[in-house]
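Have a look at the structure below before the remarks.
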There are 6 protein chains.
Amino acid sequence: MPYVNVRITKGATAEQKAQVVKGVTNVLVDVLGKNPATTFVIIDEVDEDNWGIGGETVTARRAQGK
Amino acid sequence: MPYVNVRITKGATAEQKAQVVKGVTNVLVDVLGKNPATTFVIIDEVDEDNWGIGGETVTARRAQGK
Amino acid sequence: MPYVNVRITKGATAEQKAQVVKGVTNVLVDVLGKNPATTFVIIDEVDEDNWGIGGETVTARRAQGK
Amino acid sequence: MPYVNVRITKGATAEQKAQVVKGVTNVLVDVLGKNPATTFVIIDEVDEDNWGIGGETVTARRAQGK
Amino acid sequence: MPYVNVRITKGATAEQKAQVVKGVTNVLVDVLGKNPATTFVIIDEVDEDNWGIGGETVTARRAQGK
Amino acid sequence: MPYVNVRITKGATAEQKAQVVKGVTNVLVDVLGKNPATTFVIIDEVDEDNWGIGGETVTARRAQGK
């Protein structure tokens with residue numbers, strides 16, 4: 001019955017997101033014996049203006065070549 | 001002072017979302033005696049490519065008629 | 001397939017939490033036609049030292065009779 | 001290593017969001033001595049139809065002049 | 001720079017939680033090319049009284065042999 | 001009407017948490033003109049066994065002197 005929320009910056013393809021769902025679900029089944037039928041994985045894609053690290057947005061960091 | 005986050009796949013109308021806000025707030029007022037004026041309900045609508053269950057995205061499941 | 005997270009300050013009984021789960025699930029079934037079998041409701045009980053409103057913790061507010 | 005999620009209604013500018021990231025990071029550095037390099041701040045901008053308070057959506061409240 | 005939140009009912013060992021952290025991080029590195037050094041995985045262990053599915057708490061379901 | 005969730009490893013004092021609440025609220029008031037009376041700040045303190053970075057738990061990293 002796990003719930004997993006994956007937050008990443010935008011840019012993943014539908015195929016990559018499907019692989020993330022599958023891979024993360026497999027980890028919970030393999031390690032914890034969870035039932036995949038009631039395992040949720042929700043992916044949030046976040047705009048680079050809205051993600052900060054080191055006190056700066058990702059937008060600002062990329063503009064500086066970080 | 002409760003905070004409630006409701007996550008659903010896309011497709012609800014504005015009227016349905018207003019009813020969810022009202023209904024969930026009423027539950028917290030009726031059961032727990034919370035003050036509605038400081039009860040927040042935030043609805044996140046998630047793309048079917050971004051919601052996984054059973055190791056697959058909802059997009060993939062619906063394509064298979066699940 | 002909804003996921004709901006309810007965050008409240010500590011103090012609810014097990015019976016009240018069961019009623020919140022039931023009531024919130026019913027709202028999603030009645031308003032949005034969701035399947036209760038895949039509707040998750042997770043309640044987080046937060047310590048009053050860890051919940052802030054108006055720039056103060058609930059602990060501080062209650063000490064002032066707010 | 002903190003993670004901060006800020007949820008606001010839509011309407012902030014990129015510059016304001018950068019200031020929120022900077023300001024919140026500074027609080028965690030100053031108060032808790034956290035390392036900014038591993039401090040994440042993610043801002044979620046929520047549609048007014050999807051944010052409820054007092055049992056109503058913000059959309060409904062603003063239409064009534066609240 | 002991903003952030004992952006895994007929510008499960010209580011009962012995992014420290015070793016299992018370490019394996020979940022490792023496994024989920026590997027998925028994000030392998031599928032999306034993310035940098036593990038800035039990949040966070042936070043596990044929340046939820047009491048069975050606080051997790052509802054099908055309109056009932058897990059506590060109630062287990063008492064009924066579900 | 002903002003909602004802020006701050007997630008940190010355990011170890012902050014009540015006084016530090018009160019300062020985080022105050023500081024984060026001030027940022028939202030100063031930068032975005034938000035009303036502090038409806039600004040929530042919730043702090044989650046996470047066990048080091050439950051927080052992963054770089055594919056390892058904080059517990060494992062600290063045992064290695066990282």
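Bear in mind that the values in this text are calculations on the coordinates, not laboratory data. Worth saying up front: this structure is predicted, and the values here are computed from it rather than measured. Don't worry about glycine lacking a Cβ; one is built from the backbone with ideal geometry, like all the others, and counts go over all protein chains shown.
Tally the DSSP beta bridges in the protein assembly as shown and give the antiparallel ones as a percent, rounded to 5. The antiparallel fraction comes to roughly 50 percent.
Take B:R62, move 7 Å from Cα toward the beta carbon, and the resulting point lies 2.8, 2.8, 3.5, 4.5, 4.6 nm from the same point in each other copy, nearest first.
Per residue, chain E reaches -12000 deg cm²/dmol at 222 nm when only DSSP H runs of four or more residues are counted, each adding -39500 (n - 2.57).
Under a Gaussian network description of chain C, with springs only between Cα atoms under 10 Å, the residue in C:V46, C:V31, C:V21 that fluctuates furthest is C:V31.
For the stretch D:50-66, 3J(HN,Hα) computed residue by residue from phi via the Karplus equation (6.51, -1.76, 1.60; θ = phi - 60°) reads 10, 10, x, 8, x, x, 10, 6, 4, 3, 5, 5, 5, 5, 8, x, 6 Hz, glycine and proline entered as x.
For the rotational copies D and B, the chain D residue with its Cβ nearest the relating axis, together with that separation in Å, is D:D44, 5.
In chain E, the DSSP beta bridges split such that about 20 percent are antiparallel, to the nearest 5.
For the stretch E:3-63, what does the relative contact order come out to in percent, with C-alpha contacts under 8 Å and a separation of six or more? Numbers along the way, then the final one.
On the way: 57 pairs, mean separation 26.6, N = 61.
Relative contact order comes out at 44 percent.
For chain A, the longest principal axis of the Cα atoms and the long axis of helix A:14-32 meet at an angle of about 50 degrees.
Look at the Cα gyration tensor of the protein assembly as shown: its axes a ≥ b ≥ c give a/c under 1.5, and that counts as rounded.
Tell me which residues come under 5 Å, amide H to amide H, from D:E56 once H is placed; ignore anything under 5 positions away on its chain. Amide H neighbours of D:E56: none. Applying both filters, DSSP loop and at most 13 other Cβ atoms within 10 Å, to the trypsin sites (Lys or Arg not before Pro) of the stretch C:1-41 gives C:K10. Residues whose amide H falls under 5 Å from that of A:V46, counting only those 5 or more places apart or on a different chain, are A:I8, A:T9, A:K10, with hydrogens built in the peptide plane.
Placing a label point 7 Å from the Cα of E:A63 along the Cα-to-Cβ direction, the residues of the stretch C:1-20 whose backbone N falls under 12 Å from that point are C:14-19.
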